[in-house]
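Reading through the structure tokens given below for one structure.
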Amino acid sequence: MPTVMTFGDRMPDRLPDHLSVKPEVARAIAARRPVVALESTVISHGLPYPRNLDLARRMEEAVRAAGAVPATVAILDGRIRVGLDDEDLERLATEPDVRKVSRRDMPIALATGRPGATTVAGTMIAAELAGIRVFATGGIGGVHRGAETSMDVSADLEELARSPVAVVCAGAKAILDLPKTLEVLETRGVPVIGLGTDRFPAFYTADSGLPVDHAATDAAEVARILRTKWTLGLDGGVLVANPIPAAAALPRDVVEAAVATAVAEATAAGIVGKDATPFLLRRMEALTGGRSVEANIALLLANASAAGAVAVAYATLDRAAVLPRPVPPIGKPKRSRTGG
Ligand code: PSU
Ligand code: MN
């Protein structure tokens, strides 16, 4: 197991008991080199074995190929672990009783010592504690369809409002109510930036028909927006929406039909709370003949690459800001006219 690392000025004294950062990751953070956090709920609850394990490894490779260090996050052995090794990924992909850890679950998972996979919210908390600013996932949680009666609104939205992390995703999952999800993001002050698009992506498809707040042309522009937001002291995260690659997108009518059926099944079966999203994703797989899983994997890999590029651009700005400014040339002391 990696040792507890303390580094920089970001880790408060109380954390060493609860946080373990992999040495490679800790070194990169301390040197302000690019790092990308990755979540683990998608591994334990979002994709079937063995595709989940393969995906976890390939996301880390995609981050490295973009020039950043990957830091997959999970709760293992009673600690928040930032940066995992292959054995850890295998545990998360195969063990049956891995808890899904969002903000409210964090103290329970840590105090009981049981394994936990972090959601977008849980991963953002860990990233902030470790000093990581960029994170890649598939699609964030949001406002569920029927939330006006179920009140099911993902804790991911609340976390985006409070933790200073950029979340690179393919929009919010298509099983959700996307207009309401964007309304909550607006209310909570979370900028929604399209990466090379002015449309909010809809996870399995590239265009939800809804606009983003700004279409950024490249990762460098995203990095400038992040830097500006946090320099201003505006709390919270930024949603960076990266549409699914065109070749991997599913036909919109296929997605809509499957979502309608899956949501109706969940309602009929009384599936609520944290089980709702994993149930819906599993039903989507069956209802699309496995095509939803292929699309999900393609968008996750694309997001890992894009997040790597954003982390590289952000690190460039971050390092420029902390480098000592050039010292102004020392001029000859002015002679006093009255003499000395
Ligand atoms: N992206 C995926 N698959 C997933 C998730 C994201 O491609 O399974 C996970 C994330 O961890 C996200 C969670 O936080 O789904 C949403 O769960 P809920 O709706 O219960 O908040
Ligand atoms: Mn929920």
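For the stretch 144-167, taking the residues that are part of a strand (DSSP E or B) and within 11 Å of ligand 1 (Cβ to nearest atom), the one that is farthest from the chain's Cα centre (by Cα) is identified as 144.
Filtered by the rule that a residue be within 16 Å of ligand 2 (Cβ to nearest atom) and open to solvent by less than 10 Å² (accessible area, probe 1.4 Å), the stretch 157-168 gives 157, 159, 160. Annotation note: of 269, 260, 286, 246, the sole residue that is within 16 Å of ligand 2 (Cβ to nearest atom), of a type in the set (A, V, I, L, M) and open to solvent by 50 Å² or more (accessible area, probe 1.4 Å) is 269. With 219, 309, 295, 286 as the choices, which residue is in contact (Cβ under 8 Å) with a residue 12 or more places away in the chain and either within 16 Å of ligand 1 (Cβ to nearest atom) or more than 21 Å from the chain's Cα centre (by Cα) (or both)? That would be 295, the only listed residue that is in contact (Cβ under 8 Å) with a residue 12 or more places away in the chain and either within 16 Å of ligand 1 (Cβ to nearest atom) or more than 21 Å from the chain's Cα centre (by Cα) (or both).
Taken across the stretch 228-239, residues that are part of a loop (DSSP other than H, G, I, E, B), surrounded by 15 or more Cβ atoms within 10 Å (Cβ to Cβ) and in contact with a helix residue (DSSP H, G or I) (Cβ under 8 Å, 6 or more places away or on another chain) do occur, with at least one present.
Scanning the stretch 75-105 for residues that are within 14 Å of residue 129 (Cβ to Cβ) and away from ligand 2 (no atom under 16 Å from the Cβ) returns 75, 79, 80, 81, 82, 83. Scanning the stretch 115-131 for residues that are surrounded by fewer than 24 Cβ atoms within 10 Å (Cβ to Cβ) and in contact with a strand residue (DSSP E or B) (Cβ under 6 Å, 6 or more places away or on another chain) gives 115, 129. So the check is Cβ under 8 Å with 6+ separation or different chains; which pairs have a first residue in the stretch 87-101 that's free of Cβ contacts under 8 Å to residues at least 24 places away in the same chain and a second one that's of a type in the set (D, E, K, R)? From the stretch 87-101, the pairs are 88/81; 97/114. Being away from ligand 2 (no atom under 14 Å from the Cβ) and open to solvent by less than 10 Å² (accessible area, probe 1.4 Å) is the filter here, so list the residues in the stretch 137-156 that pass it. Passing the criteria: 137, 138. I'd like the full set of residues that are at pLDDT 95 or above and either of a type in the set (Lys, Arg) or within 15 Å of ligand 1 (Cβ to nearest atom) (or both), limited to the stretch 260-272. 262, 263, 266, 271 - these are the residues of the stretch 260-272 that are at pLDDT 95 or above and either of a type in the set (Lys, Arg) or within 15 Å of ligand 1 (Cβ to nearest atom) (or both). Scanning the stretch 183-196 for residues that are away from ligand 1 (no atom under 16 Å from the Cβ) and either at pLDDT below 95 or open to solvent by 20 Å² or more (accessible area, probe 1.4 Å) (or both) yields 183, 186, 187, 189, 191, 195, 196. Residue 47 meets each of the listed conditions (1) open to solvent by 10 Å² or more (accessible area, probe 1.4 Å); (2) aliphatic (A, V, I, L, M); (3) touching a Ser or Thr at 6+ places or on another chain (Cβ under 8 Å) apart from (3). No other residue among 201, 211 is more than 16 Å from ligand 2 (Cβ to nearest atom) and buried (at least 24 other Cβ atoms within 10 Å of the Cβ) apart from 201.
The values are calculated or read from the model by the stated rules, or taken from the named source; none is laboratory data. What you see is a predicted model, and the numbers here were worked out from it, not measured in a lab. Positions of Cβ are backbone-derived with ideal geometry, glycine not excepted, and every protein chain shown enters the neighbour counts. Accessible surface is based on the protein model in full, side chains and every heavy atom, while ligands, DNA and RNA are left aside. Shrake-Rupley method; radii C 1.70, N 1.55, O 1.52, S 1.80 Å.
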